[in-house]
Structures are given as structure tokens and as C-alpha cells.
1. Considering only residues that are in a loop (DSSP other than H, G, I, E, B) and among the hydrophobic types (A, V, I, L, M, F, W, C), look in the range 115-148 and name the one that is modelled with the highest pLDDT.
2. If you take the residues of the range 86-99 that are open to solvent by 30 Å² or more (accessible area, probe 1.4 Å) and assigned to a helix (DSSP H, G or I), which of them is nearest to Lys117 (Cα to Cα)?
3. Out of everything in the range 46-67 that is surrounded by fewer than 16 Cβ atoms within 10 Å (Cβ to Cβ) and touching a residue at least 40 places away in the same chain (Cβ under 8 Å), what residue ends up being nearest to Gln9 (Cα to Cα)?
Amino acid sequence: MYIRNFMPQDLARVYEIEVNSFNDPYDINMLKGLADIGAGFLVAVEDDVVVGYILFWLKEENLGHIIAIAVDEKYRCQHIATKLLIMAVNVLHNCNVPKITLEVRASNVIAVNFYKKFGFEIDRKVPKYYNDGEDAFIMFLENFQNNS
């Protein structure tokens, strides 16, 4: 497995993973738009097949943001999400970004614990954040070190 930058031909596969991973997936045009505006977009590849991705960007001058991370369910529990997150955090660190934020469903204990393992902390709960009315936790990571 290796990680590389997203390429336009990855879009259909990324969208497939997105739809199969989230109750409220991003539209394919939103994913394409994020790639087009230069968001950080990395994909994990195994045997020439995209098996996961991470989207991130500089939300503000000193604030990075993890937009989405997902791994095909057949490839989960193989540390792919870990490698994607570490690479994104390192890219942001190398851009001198002191703080990274993300949103996660409050009920998604596995994801919350995954982010906590990397030092993310819960900042606050946002009621009815998602379209289906579910709450979100806003999590942040600051003063982090490069994890290469």
C-alpha cells in the first residue's frame, strides 16, 4: 500500500468509498470541486486500486481542517486511515499550521477514539450539525509535532 496525490481518474472510486462510508456523503461534484480548488487530497492505493482517501485544507491562515477521511470497508483495520491522517498532519505541519480541526459525529465512538489517539481533543458539541439532525463534536489538534 502506498499514498499519493489524488488524480482526476480517482474520482469515481473515491466517490464510491464516500457513499459506502457515510450516511450523508459529499456529492461527487463537491469532491471534484475540492480537488479543483487545491484542497489537500491524498489517496491510499493497493494493487492499483484506491482503497482510501483524505481531504484537508487550510481553512484560515493558521488553521488546518480535515474535511473527510474514509477507507473501503474491505481494507479497514490495516492502519490505512492512520497513515493517511499522519501524512495530512505532516503536510499541514510543514506549512507551519499550528492547529487542525475536524468535525465528527458524536455517536461515532470509533472515530472519536481514533482522533484522540493522535492527540485531537474535543472542543465542543454542536447540536444537530448533520443533515439528519445528529450532533457533531468539533475536535482540534494543536502544537503537534511532525510524525514522519
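The values are calculated or read from the model by the stated rules, or taken from the named source; none is laboratory data. What you see is a predicted model; the values in this text were computed from it and never measured. All Cβ positions, glycine included, derive from the backbone under ideal geometry; neighbour counts span all protein chains shown. For accessibility, only protein heavy atoms count, side chains too; no ligands or nucleic acids. Shrake-Rupley method; radii C 1.70, N 1.55, O 1.52, S 1.80 Å.
1. Phe120
2. The residue in question is Ile86.
3. The extreme case among them is Glu46.
Results for (1) of a type in the set (Val, Ile, Thr); (2) open to solvent by 10 Å² or more (accessible area, probe 1.4 Å); (3) assigned to a strand (DSSP E or B); (4) over 23 Å from Phe140 (Cβ atoms), shown as yes or no for each residue.
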position	(1), (2), (3), (4)
Val19	yes, yes, no, yes
Asn29	no, yes, no, yes
Ala44	no, no, yes, yes
Leu84	no, no, no, no
Glu103	no, yes, yes, no
